[in-house]
Structure formats: structure tokens, C-alpha cells
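For reference, the structure I am asking about is given below.
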Amino acid sequence: MVAGRRKVLFKRSVVESILSYSKMCYPNEGILLLRGRKTRDTLEVNGVVIPPGAMHGRNFSSFSWFFLPPDRSYVGVAHSHPSGAMEPSHQDILHSSGSIMVIAGYPFTDEGCISVYDTEGNKMDFSVED
């Protein structure tokens, strides 16, 4: 493992929630907060939260952290790309929060439609557990 890089492990229910929410928001982008816990070498993502006041458009999704109470369980943000592209845009990288950024690309059918990136836009491997 590269220094400073954690293994990323998703609960299957989280992946299903990201894909389902992305389908629901289509043709607009959707955005979710990721909850989990960090250990020395693993980031376990075990829940999602729909951010209050989230805005969804064809080429953007956003929310304000000011509407959320402080909570150390937030580990990142997931959002969808209705275009199907699973690479982060420059704006995605500038506005990433937490330890990871997840992008779900159309058609949102399975975990192959998901990519995970660190806050600098470097692609990360991930696994899914039941």
C-alpha cells in the first residue's frame, strides 16, 4: 500500500444506495454524504446521508456544510455523473470534502459504475462486502 493511502471498503448497502439515488436523480446529478470510520489502514464506508438543502442540476449538485451539525463520521461525498463519465472534473476536485470522493456514472447498474478518488483526484481501489 502506498504511504498515506488507505484501503477503501464499502458495505454493499452503501453501493446500492448510491446507485439507487443516482437513478432517482437522473437526468440530474445527485449528491450524498458518506459515513464511515477510519482505522490506520482502512476506510470503511457504512452509510449514506442525503444532505439537507441539496441542489441537483443537469451538470452540478451541491449542498452547504453549514446545514449539518458537526459529525466526525462523515468520510466523503458521493455524486453522480449522468453523462456516464466516471472521472472527476476540476470543479469536483476543488470541492471535494472528507477523505474520498465517489463518482457514480450512468447507467448506475452495479459497482462497475462507481469510481473512488482521493481528495487530489487520484483513483483508488475499493472493495464491497455484504
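Just so it is clear, none of the values below were taken in a lab; they were calculated from the coordinates. All of these numbers come straight from a predicted model, not from anything done at the bench. Ideal geometry is used to build each Cβ from the backbone, glycine not excepted, and the neighbour counts take in all protein chains shown.
How large is the Kirkwood hydrodynamic radius of segment 5-78, in angstrom, based on all distinct alpha carbon pairs?
13.0
If one computes the Cα centroid of segment 72-94 and of segment 5-41, what distance in Å separates the two points?
Here the two parts' Cα centres lie 10 Å apart.
In whole Hz, with x marking every Gly and Pro, tabulate ³J(HN,Hα) for segment 29-39 from phi via Karplus 6.51 cos²θ - 1.76 cosθ + 1.60, θ = phi - 60°.
Listing the rounded values in order: 6, x, 9, 9, 8, 9, 10, x, 8, 10, 10 Hz.
Can you figure out the FRET efficiency of residue 64 with residue 41, using R₀ = 35 Å and their beta-carbon distance, to the nearest 0.05?
After rounding to 0.05, the efficiency reads 0.60.
Pop a pseudo-label 7 angstrom from the Cα along the beta-carbon direction at both residue 24 and residue 111 and give the gap in nm to one decimal.
Label at residue 24, label at residue 111, 2.2 nm between them.
Continuing with this model, one more query. Can you tell which of 102, 75, 49 shows the greatest fluctuation in a Gaussian network model of the chain with Cα springs below 10 Å?
49
Can you tell me what share of the DSSP beta bridges in the chain is antiparallel? A percent to the nearest 5 is fine.
If we restrict to bridges inside the chain, about 60 percent are antiparallel.
Which whole-Hz couplings ³J(HN,Hα) result when phi for each residue of segment 62-69 is put into the Karplus expression 6.51 cos²θ - 1.76 cosθ + 1.60, θ = phi - 60°, listed in order with x for Gly and Pro?
7, 7, 10, 5, 5, 7, 10, x
Given [x] 13.8; [y] 7.3; [z] 12.8 as candidate values of mean projected area of the Cα convex hull in nm², which corresponds to the one derived from the coordinates?
It is the one labelled [y].
Quick check: residue separation of residue 55 and residue 123 times 0.36 nm, minus the Cα distance between them. What number comes out in nm?
Working it through step by step, the gained length comes to 21.9 nm.
Suppose only helical runs count, i.e. DSSP H with n ≥ 4. What mean residue ellipticity at 222 nm does that imply for the chain under -39500 (n - 2.57) per run, divided by all residues and rounded to the nearest 500 deg cm²/dmol?
Rounded to the nearest 500, it is -4000 deg cm²/dmol.
Can I ask one more? What are the ³J(HN,Hα) couplings of segment 123-130, residue after residue, when phi is run through the Karplus curve with 6.51, -1.76, 1.60 and θ = phi - 60°? Round to Hz, x for glycine and proline.
With the stated coefficients, segment 123-130 comes to 5, 10, 6, 8, 10, 10, 10, 6 Hz.
Return the single residue from 46, 28, 59 with maximal mean-square fluctuation; model: Gaussian network over the chain, springs between Cα atoms under 10 Å.
Among 46, 28, 59, the largest GNM mean-square fluctuation belongs to 59.
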